[in-house]
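The values are calculated or read from the model by the stated rules, or taken from the named source; none is laboratory data. Source: prediction; values computed, not measured. Note: ideal-geometry Cβ built from the backbone for every residue, glycine included; neighbour counts use all protein chains shown. Only protein heavy atoms, including side chains, enter the accessible area calculation; ligands, DNA and RNA are left aside. Shrake-Rupley method; radii C 1.70, N 1.55, O 1.52, S 1.80 Å.
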Amino acid sequence: HYMSLYDNKILRNFTGHMEEVTGLSMNPIDDCFLSSSRDKKVRLWNVQQAGCLAELNLPSNIEGSPHACYDSTGLVFGVTAPMPAGGHLINLYDARKYDGGAFAELKLEQSSIETAIQNKGVSPELSKELSRAEWTSFKF
C-alpha cells in the first residue's frame with residue numbers, strides 16, 4: 001500500500017505478485033521502487049502510477065527468492081537469485097533502460113563465496129556453512 005501519513009488513507013495498492021513480497025528497494029532519486037517476491041519475480045513500480053512498469057525476466061531455473069536493490073545513485077539496480085548448483089546469479093540493470101535487459105551478468109559460484117569467506121580468517125567448516133546460507137538481502 002501507498003499510505004498518506006497525513007490522513008492515514010491508502011492512496012494506491014500495488015498488486016501483481018502471486019506470492020509473498022520479500023523485499024522492497026526505493027530509488028533514491030525518483031518515485032520508483034523495486035519489489036521482489038517468492039513468486040521468483042522482480043517488478044519495477046512508480047508510486048505515481050497504477051500498475052507495474054516492468055516485470056524482470058529471470059532465468060526459469062533459479063531456486064528461492066530473488067532480491068533487488070538500487071545503488072546509491074539510483075541509476076543502476078541489481079537483482080540476485082540463487083543458482084541451482086549453488087552460488088548466486090547477479091544481474092545489473094540501467095534504471096533508465098531496464099527493458100534492454102541486464103548490462104552485466106555475474107555468476108558467483110558457491111566455491112568462490114566459500115574461498116572469499118575463508119580469506120577473511122573464518123574456519124573452513126564455518127566458511128562452507130556460511131557460503132551455503134540463504135541470502136536474505138542484497139546491497140551494493
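List of remarks:
- The candidate values were (1) 57.8, 198; (2) 14.4, 42; (3) 16.8, 55; the one computed from these coordinates for Rg and Dmax of the Cα atoms in Å carries the label (3).
- Using a Förster distance of 35 Å, the FRET efficiency for residue 30-residue 129 (Cβ separation, nearest 0.05): 0.30
- Relative contact order (percent, whole number), the stretch 1-102, Cα cutoff 8 Å, 6+ residue spacing: 18
- Lysines whose Cα lies under 20 Å from that of residue 139, excluding same-chain neighbours fewer than 8 positions away: 40, 41, 107, 120
- Computed [θ] at 222 nm, helices only, for the chain once each DSSP H run of length n ≥ 4 contributes -39500 (n - 2.57): -3500 deg cm²/dmol
- At full extension, residue 13 and residue 137 could sit 42.3 nm farther apart than now, given 0.36 nm per residue minus the alpha carbon distance.
- Gain upon complete extension [residue 20, residue 116; 0.36 nm per residue less C-alpha separation]: 31.4 nm
- For the stretch 1-68, the solvent-accessible area works out to 62 Å² per residue, with a probe of 1.4 Å and every protein chain left in place.
- Per residue convex hull volume, Cα atoms of the stretch 33-96, in Å³: 83
- Net charge of neighbours whose Cβ lies under 10 Å from the Cβ of residue 44, counting Lys and Arg as +1 and Asp and Glu as -1: -1
- Size of electric dipole in the chain: Cβ of Lys, Arg +1 and of Asp, Glu -1, about Cα centre, debye, nearest 20: 120
- Charge sum, other residues only, whose C-beta stays under 13 Å from residue 88's C-beta, Lys/Arg counted +1 and Asp/Glu -1: -3
- Springs between Cα atoms under 10 Å define the GNM used for the chain, and in it the highest mean-square fluctuation of 46, 57, 119 occurs at 119.
- Near residue 66, once Lys and Arg are set to +1 and Asp and Glu to -1 for all other residues with Cβ below 9 Å from its Cβ, the sum equals +2.
- Highest-fluctuation residue, 11, 130, 44 considered, GNM on the chain with Cα pairs under 10 Å: 11
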